[in-house]
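The values are calculated or read from the model by the stated rules, or taken from the named source; none is laboratory data. Since we're looking at a predicted model, the values are computed, not measured. A quick note on method: Cβ atoms are made from the backbone with ideal geometry, for glycine too, and the neighbour counts reach across all protein chains shown.
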Amino acid sequence: MSFVLVQVIVGGLLLGAVYALFSSGLTLVWGMMNIVNFAHGDFVMLGMYVAYVVYTLMGGGPILGAPLATLVLATLGVVVYFALIRDIMKGPMLAQILGTFGLALLLRYSVFWWFGANFLSMPQDIVGGTYAFAGLRIEASRLLAGVVALLVTFGLHLLLTRTSLGSKMLAVAEDATAAQLMGIRPDTMQAIAWAIAAGATGLAGALIANFFYIVPTVGETLAIVAFVTVSLGGFGSVPGALVAGLLIGVIESLSGYLIGAVYKDIVVYVLFLFFLWFRPQGLMGKM
Amino acid sequence: MRRLLWLSVVAAVAIAYPLLLSSPFQQRLGALVLLYAIAASAWNIVGGYAGQVSVGHVVFFGCGAYAAMGSYAKFGLSPLFGIPGGIVLAVVLAAIVGVPTLRLSGHYFSMATIAVAETMRLIVTNTDYLGAAVGLSGPTVPRNIFDLSFLSSLPYYYLFLVILAITLLITWWMANSRMGFYLRAIKDSERAARSLGAPASRTKLYAFMLSAALTSVAGALYAMMFGFVDPESGLGILISVKILIMAALGGAGLLFGPLVGAAILVPLEEISNSWLGGKGAGLTFVVYGAIIVLIARFQPGGILSLFKRRGKPGVDTGASHAP
């Protein structure tokens, strides 16, 4: 295998880890409350803009930007839960889709209105230069994003499976009324789930802001990436999202390299439709 | 009887509007309201009556728009000849998307429709035959009346009025046919409807295909009025969003809901665009987003559902009642 191909695959894995991170937020909310957040991609977009603002106003890099973006988005997640989701969850399907879709537009075009439609970007050396490793060249910003995303996604999995908080959340997901009878507040658990899900998007956004183009409409593409990841990994499954995210990162990079950059999104979307046709329960999940 | 009276009042106002308010801006506004009302009424069949929220309806709109402009730009025919082709294309595409996703829960359907629309936009943007990012143009100078290329908005207004009337008639007929009863049952509880023998998947698919066909006609009319189509105006996700919001604001699943929604939102957008200029485009969609969130949160049945309680409950429309 040529070095270039290895390079492309490694790049895909690193980006895929970030996809896995924000997709695990979507899969958590979907699995727990059976609600699809159509604004999920725009949450990531907001994370990117928070990081950008932190850089332009305070000159801070990801060390400051990433925690701040996580915090801001987690707060937004809780606000969105109490102001909107809690009520539309019980409503008809149309209300659920309209509610989060309207939120997506509101966020996307508020940013558009404030920052304009221009492509923004962070300085290339904000994290550090480029490492050469066994013939591979890896940008420090991508390496940082990939590694942090991988660790946090894995941590999220441990949180859900190994802690009492995780068990409580799973109990609410299983049967909210029964959980309530056991002394667990569904409202609190669901608000925490939204905080985690939105916080994950904030972190992911701040991480990819270092090397991605920053533009208000980027959320649309990222939302579809998250849908593909979740449908591939099986809804509600964080390990599924991790595997699927990495896979999609690699597929995207490879198709960008082999077929051409403009077609990489098409390949991912077609893959998504293909999965909806033949295996709607995902690679690892069950319906 | 009372409804017949209301209906004739609405019809009379619609016919008289461009003659009473006859400035070019007002006539154009009227035509645009009717055009979006056609598209939103078409969406209403699947999104309102069948309760399947398509967020990618622009793909059918684009089928019509590209077929109409293509028949002129590629074959030198009147754009009218593209309409049947656009309908066939839209119906086939609807079947391809609908067959797998309509079996699944509604979220999958919404996500799949977005993905299809975005895929089509990307493919068309990269296809030179379809004009790539520039798009296709219609006749600049009409060769004869069948090119449907007019300077004034007045002929478009009446053309759109006729098509809207036909669309609403089809919707009304569908809502009161066996299919309409099936759809209402499926929307209330698909499991119950299935267990009583209603062919759920097939009925939803037919509704989707019918809706796609009518949306394609709206797309063709849009392209004829503007004289061109490009990937943004013919396949951009924002067109889907506009269509969907208009129907939901007026009242999804109500016959006249989309018309009411279009009559509110089209003037709002036109006026805010002319006041705020280029900067207004972003702000318009901020307002759109806020409106959808508010409808979803407080009045998921739309504006018309506020008035509905006064009439006989549950007549003819199968409105979306909050459970």
Please verify whether region A:13-23 includes one or more residues that are out of contact with any Ser or Thr (no Cβ under 6 Å at 6 or more places or on another chain) and either of a type in the set (D, E, K, R) or surrounded by fewer than 21 Cβ atoms within 10 Å (Cβ to Cβ) (or both). yes
Residue within region A:20-38 that is away from chain B (no Cβ under 14 Å) and modelled with pLDDT under 85 present: no
Hey, can you tell me all the residues within region B:51-72 that are assigned to a loop (DSSP other than H, G, I, E, B) and at negative phi? B:GLN52, B:VAL53, B:SER54, B:VAL55, B:GLY56, B:HIS57
Can you confirm whether A:LEU136 is touching a helix residue (DSSP H, G or I) at 6+ places or on another chain (Cβ under 8 Å) and either modelled with pLDDT of 85 or more or surrounded by 21 or more Cβ atoms within 10 Å (Cβ to Cβ) (or both)? no
Elements of type helices (runs of 4 or more DSSP H) contained in region B:73-183, each with 3 or more residues being surrounded by fewer than 16 Cβ atoms within 10 Å (Cβ to Cβ), free of Cβ contacts under 8 Å to residues at least 24 places away in the same chain and among the aliphatic types (A, V, I, L, M): B:82-101, B:154-175
Which count do you get for residues in region A:198-245 that are within 12 Å of chain B (Cβ to nearest Cβ), surrounded by fewer than 23 Cβ atoms within 10 Å (Cβ to Cβ) and in a helix (DSSP H, G or I)? 3
Can you tell me which of B:THR167, B:THR171, B:THR101, B:THR140 is away from every other protein chain (no Cβ under 12 Å) and either touching a Cys at 6+ places or on another chain (Cβ under 6 Å) or modelled with pLDDT under 90 (or both)? B:THR140
Qualifying residue in region A:241-250 (condition: more than 16 Å from the chain's Cα centre (by Cα) and of a type in the set (A, V, I, L, M, F, W, C)): yes
Inside region B:246-261, can you point out the residues that are surrounded by fewer than 24 Cβ atoms within 10 Å (Cβ to Cβ) and part of a helix (DSSP H, G or I)? B:VAL260
What residue, among those in region A:75-127 that are buried (at least 21 other Cβ atoms within 10 Å of the Cβ) and within 17 Å of A:ALA206 (Cα to Cα), is farthest from the other protein chains (Cβ to nearest Cβ)? A:MET122
Quick one: count up the residues across region A:91-134 that are of a type in the set (Phe, Trp, Tyr), part of a helix (DSSP H, G or I) and in contact (Cβ under 8 Å) with a residue 60 or more places away in the chain. 4
Quick check, is B:ILE264 away from chain A (no Cβ under 14 Å), in a helix (DSSP H, G or I), under 26 Å from B:TRP6 (Cα atoms) and free of Cβ contacts under 8 Å to residues at least 60 places away in the same chain? yes
